[in-house]
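Engineer: Structure provided below as C-alpha cells; questions to follow.
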Amino acid sequence: MVKSSPVVIIGGGPSGTAAAAMLGKYQIPSVVIDEAPKIGGVIYRGPLRRTSSLPHLDDNLQRAMSALRTRYENNRDFIDLKLLTRVLGPEGKQQLLLSENGELTTQSYNELILATGCHERSVPFPGWQLPGVMLLGGVQLQIKSGLVKPGAKMALVGTGPLLPLVACQLHKAGVNVVGVYEASSFNKLAKEAVALLNKPKLTLSGLSMMGYLKKHQIPFYYGHGIVNAQGAESLERITVAPYDDNWQADHRRAQSIEVDAIGVGYGFVARTQLAMLLGIEHKYTKVSGYIPELDDNFLSNQNNMYVVGDSSGLLGADAAICEGQIAALNIALKRGAVTASVALKEKNKIMRRHGRISRFRFGFDRFSERQNGILNLAQDDTVVCRCEQATKKQLDDAIKQGVKDLTTLKMRTRIGMGDCQGKTCSSYALDLLHQAGHNQNPKTGVIKPRFPLDPIPFTFMEEIN
Ligand SMILES: Cc1cc2nc3c(=O)[nH]c(=O)nc-3n(C[C@H](O)[C@H](O)[C@H](O)COP(=O)(O)OP(=O)(O)OC[C@H]3O[C@@H](n4cnc5c(N)ncnc54)[C@H](O)[C@@H]3O)c2cc1C
C-alpha cells in the first residue's frame with residue numbers, strides 16, 4: 001500500500017468515527033483526535049470505569065455503542081487514535097496546536113474534518129447557580145459515563161425528547177423522579193405527527209418511554225416549566241408553573257416541589273469555536289446557533305476543511321454518522337480512491353437516510369422551538385454570566401442604552417470574557433438582543449473566539465517561543 005498523508009479528524013463522536021471508518025474502507029489513513037478518554041462522543045462514550053452491569057442504559061443505546069466500537073475496530077489499521085488530546089487552535093499554515101498528555105505538540109494536515117459536536121444551552125432563572133441545579137445532558141453523563149446518581153429526589157424541566165429519555169434512565173438508576181416538565185404543549189406535538197412518522201422506530205421508542213413513565217407513576221406535564229430554584233446552601237425546592245404558548249409562566253398557578261437536584265434541558269448549541277478560529281464562514285440559525293456555511297459534501301469555504309455532525313447543525317447522532325461518511329466519501333473521491341459513479345451511488349443512499357432523519361428532527365425542532373417567555377424568568381439581580389458575574393439588569397440596561405450586538409455587549413458588561421469564553425451566557429444574551437429587535441445584522445451574535453481555545457500555562461508558552 002502507498003503511504004499517504006492521514007486525514008485529520010477532530011472529534012471521536014459518531015460523526016468523526018463514521019468518517020474515519022469510511023476513509024478506512026477506501027484504505028485512507030486518518031488521525032482521530034479527541035479530548036475525552038474514550039471514543040464515542042457524549043452519547044456513545046459509555047462508562048469511564050469498568051462495570052459488569054448497566055441496568056439504566058436501554059438495549060438500543062448499548063447496541064449503538066457497540067456498533068460504533070465495531071466500526072472503529074474493523075478499520076483500526078487505518079486509524080491513529082489520539083485520546084486525551086485537545087486541539088487548541090491553528091498554529092501556522094495547515095497545522096494545529098494540541099495539548100496532549102500535558103504537553104504541547106502540533107499536527108499538520110492536508111484535509112481536515114471538524115466533528116466537534118455541541119454543548120448545552122443555558123437558560124438563567126433565579127437560583128440556577130445553586131449546587132444541585134444541572135443541565136440535562138450533564139445529569140445524563142453522570143449516570144452514563146460516571147456511573148453516579150446525580151440526586152436522590154429529582155425533577156426534570158425543559159423541552160424535547162431528551163426529557164423522557166433521561167427520566168427513564170434516572171428511574172432505572174434508582175432515582176426518585178418526582179416530575180417531568182415539558183415547556184411546549186401536547187397540541188403542538190400532535191401537529192408534528194406526520195414528521196415523526198419519518199422515523200417510526202424512534203417514535204415507537206418515544207412512546208414506550210412515555211409508557212414506562214406512566215407505569216412507574218412518574219408524572220409528565222406538557223406546557224409547564226421552571227420558575228425558580230431555592231435552597232440555603234444547595235437546592236432544596238423548585239417552583240414550577242404552567243407555561244402559555246409563549247412559555248410565559250403563570251405565577252398564580254405556581255407550585256413548590258421539594259427536590260435535591262434537577263436537570264434543565266432547553267437544547268444545545270453547535271460547538272463552533274474551532275471552526276471560527278480556522279476562518280470558516282458561519283450563519284445564524286435559531287435551533288443550533290451559529291453554524292458553518294457548507295456545501296452538500298459538508299465542505300466549508302476553507303480549502304479541504306469539512307464540518308460534520310452536531311457542529312454543522314443539530315440533527316442528532318444518526319445524521320452525524322451520515323455526514324461523517326459523506327465528507328469522507330468526498331475525500332476518497334478527490335484522492336481517486338473511489339470512482340465518481342460508485343461515490344455518487346453511495347452518497348445518494350446516505351443522503352436519503354439523512355433526509356428521513358432531518359424531516360423527523362425538524363418536527364421536534366418546531367415542537368421545541370424556544371419561546372421568548374423564558375427570557376423573563378431571570379430577575380434584575382439574576383447572574384447571567386457566571387464567570388464575570390454580570391446580571392440580567394446590566395445586560396438589559398446596556399441594550400436599552402443602544403447596544404445592538406454581542407461584541408459591544410461584551411465590552412459593556414464583560415459577558416463572555418471569562419474562562420468559558422461565552423459558552424454559558426452568549427446564547428441567552430443573543431436571545432435578549434433578538435428580542436429587542438436586533439436581528440437584522442448576521443454578525444449580531446458573533447463573539448470572536450480567542451486563540452488558544454483553552455488557557456495554557458506560561459511554561460507552555462515558553463515551549464512555543
Ligand atoms: C451532554 C450531552 C448529552 C447528550 N445526550 C444525548 C442523548 O442521550 N441522545 C441523543 O440522541 N443525543 C444526545 N446528545 C446529542 C448527541 O450527543 C449528538 O447528537 C451526537 O453525539 C452528535 O455526534 P457528533 O459526532 O457530532 O458529536 P459528539 O458526539 O459531541 O462528539 C464530538 C467530540 O469532539 C470532541 N471535541 C470537541 N472539541 C474538541 C477539541 N477542540 N479538541 C479535541 N476534541 C474535541 C469531544 O470531546 C467529543 O467527543 C447529547 C449532547 C450532549 C452535549
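Taken together, the values in this text are just the output of simple stated rules run on the coordinates, not laboratory data. In this text, all values refer to a predicted model and were calculated from it rather than measured experimentally. As a convention, Cβ positions derive from the backbone with ideal geometry for all residues, glycine included, and neighbour counts pool all protein chains shown.
Engineer: Taking 7 Å along the Cα-to-C-beta vector as the label spot, tell me the R69-Q371 distance in nanometres, rounded to one decimal.
Structural biologist: 4.3
Engineer: Run lengths n ≥ 4 of DSSP H only: what is the helix-derived mean residue ellipticity at 222 nm for the chain, with -39500 (n - 2.57) per run over all residues, to the nearest 500? Mind showing how you got there, number by number?
Structural biologist: Working: 15 runs with 162 residues, N = 465.
Roughly -10500 deg cm²/dmol at 222 nm, from the helical runs in the chain.
Engineer: Could you size up the charge dipole of the chain around its Cα centre, putting +1 on the beta carbon of Lys and Arg and -1 on that of Asp and Glu, and report it in debye to the nearest 20?
Structural biologist: Numbers: 54 positive and 42 negative charges, 259 e Å.
Computed charge dipole of the chain: roughly 1240 debye.
Engineer: If you stretched the chain out fully between N187 and Q302, how much longer would it get, using 0.36 nm times the residue separation minus the C-alpha to C-alpha distance?
Structural biologist: On the way: separation 115, 0.36 × 115 = 41.40 nm, distance 4.36 nm.
Once the chain is fully extended between N187 and Q302, it gains 37.0 nm.
Engineer: For the stretch 1-143, compute Rg over Rh where Rg is the Cα radius of gyration and Rh is the Kirkwood radius from the inverse mean 1/r over Cα pairs. Provide the component values of the computation, followed by the final result.
Structural biologist: Details: Rg = 17.4 Å, Rh = 16.9 Å.
Taking Rh as the inverse mean 1/r over Cα pairs, Rg/Rh reads 1.03.
Engineer: Once you have the Kirkwood Rh of the stretch 320-422 from its Cα pairs, apply Stokes-Einstein at 25 °C and 0.890 mPa s and quote D in µm²/s. The partial results should precede the final answer.
Structural biologist: Values: Rh = 17.9 Å.
In µm²/s, the coefficient rounds to 137.
Engineer: Next question, about the same structure. From the mean inverse distance of alpha carbon pairs (Kirkwood) and the Cα radius of gyration, derive Rg over Rh for the stretch 378-465.
Structural biologist: Numbers: Rg = 14.7 Å, Rh = 13.8 Å.
Looking at the stretch 378-465, the ratio lands at 1.07.
Engineer: Here's a follow-up. Let me spell out the model: positive unit charges on the Cβ of Lys and Arg, negative unit charges on the Cβ of Asp and Glu, origin at the Cα centre of the stretch 193-311. What dipole size does that give, in debye rounded to 20? All intermediate terms of the calculation are to be shown ahead of the outcome.
Structural biologist: Values: 10 positive and 12 negative charges, 95 e Å.
For the stretch 193-311, the charge dipole is close to 460 debye.
Engineer: Go from 0 up to the bin containing the longest alpha carbon distance in the stretch 159-256, width 5 Å each, and give me the % of pairs per bin.
Structural biologist: Histogramming the stretch 159-256 at 5 Å steps yields 3, 12, 19, 21, 20, 14, 7, 3, 1, 0 percent.
Engineer: Let me ask something else. Between N246 and D419, what is the label-to-label distance in nm when each label sits 7 Å out along the Cα-to-Cβ direction?
Structural biologist: 3.8
Engineer: If you place +1 on the Cβ of every Lys and Arg, -1 on the Cβ of every Asp and Glu, and leave all else neutral, what size is the dipole of the stretch 122-266 about its Cα centre, to the nearest 20 Debye?
Structural biologist: Numbers: 13 positive and 9 negative charges, 116 e Å.
Roughly 560 debye for the stretch 122-266.
Engineer: Something else about it: With θ set to phi - 60° and the Karplus curve 6.51 cos²θ - 1.76 cosθ + 1.60, what are the ³J(HN,Hα) couplings of the stretch 272-287 in order, to the nearest whole Hz, using x for Gly and Pro?
Structural biologist: Coupling constants for the stretch 272-287: 10, 4, 5, 4, 5, 4, 7, x, 6, 5, 10, 9, 8, 10, 5, 6 Hz.
Engineer: Using θ = phi - 60° and the Karplus relation 6.51 cos²θ - 1.76 cosθ + 1.60, list the HN-Hα couplings for the stretch 406-416 in order, rounded to whole Hz, with x at every Gly or Pro.
Structural biologist: Calculated HN-Hα couplings, in order: 5, 5, 5, 4, 5, 5, 7, 10, 6, 4, x Hz.
Engineer: Tell me, how many Å apart are the Cα centres for the stretch 95-154 and for the stretch 5-80?
Structural biologist: The stretch 95-154 and the stretch 5-80 have Cα centres spaced 17 Å from each other.
Engineer: How many lysine pairs does the stretch 378-465 hold where the Cα atoms are under 13 Å apart and the two sit 8 or more places apart or on different chains?
Structural biologist: Working: K392/K400; K404/K443; K410/K423; K410/K448; K423/K448.
Going through the stretch 378-465 pair by pair, I get 5.
Engineer: I've got another one for you. List the Cys residues of the chain that have no partner Cys with a C-beta closer than 4.7 Å.
Structural biologist: Result for the chain is C118, C168, C322, C387, C420, no neighbouring Cys Cβ within the cutoff.
Engineer: Still on this structure: From the phi of every residue in the stretch 346-353, what ³J(HN,Hα) in whole Hz does the Karplus formula 6.51 cos²θ - 1.76 cosθ + 1.60 yield, where θ is phi - 60° and glycine or proline is x?
Structural biologist: Here the 3J(HN,Hα) series is 5, 4, 4, 5, 5, 5, 5, 4 Hz.
Engineer: Which one, M209, G137, N187, projects farthest toward the positive side of the charge dipole computed for the stretch 122-266 from Cβ point charges (K/R +1, D/E -1)?
Structural biologist: Of the listed residues, the answer is M209.
Engineer: Then there's this: Quick check on the chain: what does the Kirkwood estimate of hydrodynamic radius come out to from the alpha carbon pairs, in Å? Numbers along the way, then the final one.
Structural biologist: Details: mean 1/r = 0.0431 Å⁻¹.
Final number for the Kirkwood radius of the chain is 23.2 Å.
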